[in-house]
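J.: Just dropping this structure here.
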Amino acid sequence: MQTKFYIILPIYNVESYLTQCLDSVLNQTYSNFEAILVNDGSTDSSGKIAQEYTSKDTRFTLISQENHGLSEARNLGLKAAKQKWQGLGDNSYVLFLDSDDYWEKDALQTFVNIISLNSIDVIMSDSIFKVNLNQQKTLVENYYLRDKSIWETIVPPPYLIEALGKRNLHTIQNFVFKANFIFTSKAIFIPNIIHEDNPYLLEIIPKSQTIYINSKPFYNYRIGIPSITNQPISFAYIKKKITSYYTIIQHYNNLLTCYDSPIIQNHIKEQISVFLMLIMEWIKIFGYSKDLGISKENLLPYAHFLSIKRRFSIYFPRLYGFPKRMKRYLKSKFTRK
């Protein structure tokens with residue numbers, strides 16, 4: 001049975017980049033795919049551009065909704081893909097593409113070559129291209145892993161998690177999922193948060209049986225343009241960050257009871273600690289402001305995930321790190337000429 005791909009492609013106000021993105025799908029050397037375009041309430045010409053592709057190629061489907069954010073757009077795309085798939089065929093796969101990025105022309109063929117030789121639930125690519133505003137490309141290897149020892153091999157989830165070290169799983173666009181696996185996992189992207197890839201991947205990857213580590217870069221990630229994770233710092237954005245981190249902490253805490261592997265459990269605990277300290281970096285500056293929507297009582301149930309020294313920051317956030325700051329200040333003051 002020929003491999004088929006369902007491509008989830010959310011779109012929001014990317015008229016300057018969308019044509020290159022959609023052309024990179026249209027011009028794939030492997031042609032058995034369906035691209036599900038989700039126009040998330042664009043106010044520029046993105047919706048019109050997307051419609052042009054659906055008009056000229058039946059492999060492209062356009063769904064439009066009011067602006068609900070990236071998570072909801074991806075969830076809607078997954079729902080549409082599942083309806084098209086309908087549980088038929090065991091050789092179908094799902095992958096994601098952001099509408100301001102683009103693929104190498106042999107991306108899908110690369111995955112077909114891997115799939116034809118292996119029975120796998122997930123492909124994870126450990127190399128990407130970063131593209132700046134001048135269209136200059138830089139190869140980034142070891143995007144997740146510290147070394148290349150498990151490139152082009154199949155590993156179980158605990159082995160991958162252990163190989164990550166202190167790094168985390170992110171960037172959903174670097175993954176390919178077997179349709180039966182992703183649709184039966186019932187995982188969804190958490191709405192209205194940033195870093196939505198992190199909790200989704202940490203929920204779904206441990207549920208897989210086999211993960212193939214691909215070394216060949218296929219994804220062109222555009223850098224230097226405004227995005228949800230690359231925008232001017234404002235108080236509203238800081239609040240969004242804190243709210244997102246706290247939601248992710250709650251989600252991770254719930255995941256702890258889902259997995260028996262000590263390696264996976266320890267990784268989840270470590271990620272809870274990471275997001276707690278990200279919150280505390282802002283609390284150290286603003287204190288427990290009501291405007292930030294977070295309180296000491298919210299964080300105390302998770303204090304045990306921190307070292308004893310770091311737990312102090314939850315109780316006295318403005319004092320935490322004060323000795324080091326004072327030491328740096330005095331050093332700079334008395335070393336001036």
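J.: Can you put TYR17, TYR245 in order of accessible area, largest first, using a 1.4 Å probe?
T.: Per-residue accessible area, sorted high to low, gives TYR17, TYR245.
J.: Hey, another quick one. Tally Lys and Arg at +1 and Asp and Glu at -1 over the other residues with C-beta under 10 Å from the C-beta of ILE213: what net charge comes out?
T.: Its environment carries a net charge of -1.
J.: Related question: How far apart, in nm, are the 7 Å Cα→Cβ label points at LYS296 and GLU281?
T.: Result for the modelled spin labels: 2.4 nm.
J.: Right, something else. Spin-label point model (7 Å from Cα, Cβ direction): what's the ILE225 to LYS166 distance in nm?
T.: For ILE225 paired with LYS166, the spin-label model returns 3.3 nm.
J.: Separation between the PHE235 and ASN132 pseudo-spin-labels, each 7 Å from Cα along Cα→Cβ, expressed in nm?
T.: 3.6 nm
J.: Something else: Given the protein chains as shown and a 1.4 Å probe, how many square angstrom of HIS304 are accessible, to the nearest 10?
T.: 110 Å²
J.: Of the DSSP beta bridges with both residues in the chain, give the percent that are antiparallel, rounding to the nearest 5.
T.: Restricted to the chain, the bridges split so that about 40 percent are antiparallel.
J.: Related question: Among LYS82, LYS166, LYS186, determine the one that fluctuates most according to a GNM of the chain built with springs between C-alpha atoms less than 10 Å apart.
T.: Among LYS82, LYS166, LYS186, the largest mean-square fluctuation in the Gaussian network model of the chain belongs to LYS186.
J.: Which length gain, in nm to one decimal place, applies between THR210 and THR43 when the Cα-Cα distance is subtracted from 0.36 nm times their residue separation?
T.: Gain on stretching THR210 to THR43: 56.0 nm.
J.: Continuing with this model, one more query. Report the FRET efficiency, 1/(1 + (r/R0)^6), for ASP90 and VAL140, where r is their Cβ-Cβ distance and R0 is 30 Å, rounded to 0.05.
T.: Approximately 0.35, to the nearest 0.05.
J.: Could you give the length gained by full extension between GLN65 and GLU152, i.e. 0.36 nm per residue of separation minus their alpha carbon distance, to one decimal place?
T.: Length gained between GLN65 and GLU152: 27.4 nm.
J.: May I pose another question? Once the Cβ-Cβ distance between ILE263 and ARG310 is put in as r, and R0 is 25 Å, what FRET efficiency do you end up with, to the nearest 0.05?
T.: Using R0 = 25 Å, I get an efficiency of 0.65.
J.: To continue, here is another question. Taking springs between alpha-carbon atoms closer than 10 angstrom, which of ILE128, ILE264, ILE225 fluctuates most in the Gaussian network model of the chain?
T.: Maximum fluctuation in the GNM of the chain, among the listed residues, is at ILE225.
J.: Right, another one. What figure in square angstrom, to the nearest 10, would you give for the accessible area of ASP260 with a 1.4 Å probe?
T.: Rounded to the nearest 10, the figure is 140 Å².
J.: While we're on this one: In whole angstrom, how far apart do the alpha carbon centroids of the range 245-301 and the range 1-27 sit?
T.: Measuring centre to centre over Cα atoms gives 35 Å.
J.: Within 14 Å, Cβ to Cβ, of GLY287, how many net charges do the neighbouring residues add up to if Lys/Arg are +1 and Asp/Glu are -1?
T.: That sum, taken over residues with Cβ under 14 Å, equals +3.
J.: Further question on the same structure: For the chain, modelled as a GNM with alpha-carbon contacts under 10 angstrom, which of ASN39, ASN214, ASN142 fluctuates the most?
T.: Residue with maximal mean-square fluctuation among ASN39, ASN214, ASN142: ASN142.
J.: Go ahead and estimate [θ] at 222 nm for the chain from helices alone: -39,500 (n - 2.57) per DSSP H run with n ≥ 4, summed, over the residue count, rounded to 500.
T.: Helix-only estimate at 222 nm: -13000 deg cm²/dmol.
J.: Express the accessible area of the range 42-148 per residue in Å², computed with a 1.4 Å probe while the remaining protein chains stay in the model.
T.: Roughly 48 Å² per residue, with all protein chains present.
J.: Please report the antiparallel percentage of the DSSP beta bridges confined to the range 4-148, to the nearest 5.
T.: About 20 percent, rounded to the nearest 5.
The values are calculated or read from the model by the stated rules, or taken from the named source; none is laboratory data. This one's a predicted model, so the numbers in the text were calculated from it and none came from an experiment. Quick reminder, even Gly has a Cβ in these numbers, built from the backbone with ideal geometry, and neighbours come from all protein chains shown. Note: accessible area is taken over every heavy atom of the protein model, side chains too, but ligands, DNA and RNA are not part of it. Shrake-Rupley method; radii C 1.70, N 1.55, O 1.52, S 1.80 Å.
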